[in-house]
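First up is the structure itself, then whatever we jot down about it.
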Ligand SMILES: N[C@@H](CCC(=O)N[C@@H](CS)C(=O)NCC(=O)O)C(=O)O
C-alpha cells in the first residue's frame, strides 16, 4: 500500500514541482496520485477537506496529516526521504537555492494572475494590472538571465532547478496568453531546451497547450 496520497492536477505547475521532486527522489512507489478538478469558481470538496483554501497540491503524511503548499511538500519529501539532497549544490548554497525557488513560484503566480485577469468576462479585465504583472515578469526574467551559472542551476535536481524549470516552461507554454515570449531571453530559452533531455520533465508537462 502507498504511504502518501497526492491530490493534484496534471495542468498545475505547482503540482508539477511536487511530481518532479517525487521522481528525482525515487519515491514513485510511495505515492498514489489522485487528480482533482480545480478552477477559479469551482468548489471541490475533496480538495477543500485536505486544504481549507481549496488549492492543490496536497500530500498526506503517514499519519494522515495533510501538507500544503507545494514548497512545504517538497521540503517534507526532501527531509523525510532525500537526505536534503534537493538543497545540495556546488553552484549555490541552500539559501540561494531556496530564494531562486521562491522567485520561480512568484513567476508562476504573476503568470497565473495575468491569465485570470484575461479570462474575466468582456469589459471586466484591468489592463493596467496586466501591464504591471508583465513588467514584473520581464524584470524577473532579466534578473535570471544575469544569474551566474543559471543554465547549470536550472538543470540540477534541486529545489531551484525544479522551480525554475517548471516556471520557465509555464511561461513558454502560456506565453501567447501571458503576453511574454521566452525567446526574448535566449540563455533562459536554451537552458529550458536542454532540460528536454530529462524524461521526467517531459512526462510531467501539462496536457494542454
Ligand atoms: N502557493 C501554492 C499555490 C497553489 C495553487 O495556486 N494551486 C492552484 C492550481 S495551479 C489552485 O489550486 N487553484 C485553485 C484555487 O486557487 O482556488 C502552492 O505552491 O502550492
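Read-outs throughout are calculated quantities, based only on the coordinates presented, and are distinct from any laboratory measurement. Because the structure is a prediction, the values reported are computed rather than measured. Virtual Cβ from ideal backbone geometry, glycine too; neighbours counted across all protein chains shown.
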Fill in the blank from the handout: Restricting to Cα pairs under 8 Å and 6 or more apart, the percent relative contact order of the chain works out to 23 percent
Completion exercise
Descending packing, highest mean Cβ count within 10 Å first, for 103-113, 26-36 is 103-113, 26-36
Completion exercise
Listed residues 101, 160, 90; largest mean-square fluctuation, Gaussian network over the chain with Cα springs below 10 Å, found at 90
Exercise for the section: Mind jotting down a quarter of the surface of the convex hull over the alpha carbons of region 32-137, in square nanometres, one decimal? Expected result: 9.0 nm²
Practice task
Take the Cα of residue 203, step 7 Å along the line toward its Cβ, and report every residue of region 1-24 whose backbone nitrogen sits under 16 Å from that point.
Solution key: 10, 16-24
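Provide 181, 128 in ascending order of the number of other Cβ atoms located within 10 Å of each residue's Cβ, fewest first.
128, 181
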Fill in the blank from the handout: Out of 199, 69, 169, a Gaussian network model of the chain with alpha-carbon springs under 10 Å gives the largest mean-square fluctuation to 199
Handout entry: Three principal axis lengths of region 4-83 [C-alpha, angstrom, descending]
Key = 39, 26, 20
Practice task
Would you calculate the separation in nanometres between label points at residue 138 and residue 124, each defined as 7 Å from the Cα along the Cα-to-beta-carbon direction?
Solution key: 2.9 nm
Completion exercise
Ranked on Cβ counts within 10 Å of their own Cβ, fewest leading, 148, 158, 99 go 148, 99, 158
Practice task
May I ask for the distance between the Cα centers of region 12-32 and region 55-122, given as a whole number of Å?
Solution key: 11 Å
Exercise for the section: Can you tell me the alpha carbon radius of gyration of the chain divided by the globular rule-of-thumb value 2.2 N^0.38 Å? Expected result: 1.02
Problem - Descending principal axes extents, region 87-203, alpha-carbon based, whole Å - result: 50, 28, 21
Exercise for the section: Compute the FRET efficiency between residue 10 and residue 61 as 1/(1 + (r/R0)^6), taking r as their Cβ-Cβ distance and R0 = 22 Å, and round to the nearest 0.05. Expected result: 0.45
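Based on the alpha-carbon gyration tensor of region 163-209 and its eigenvalue square roots a ≥ b ≥ c, which shape applies: rounded if a/c is under 1.5, prolate if not and a/b is larger than b/c, or oblate?
It comes out oblate by the Cα gyration axes.
Among 189, 139, 68, what is the fewest-to-most ranking by other Cβ atoms within 10 Å?
139, 189, 68
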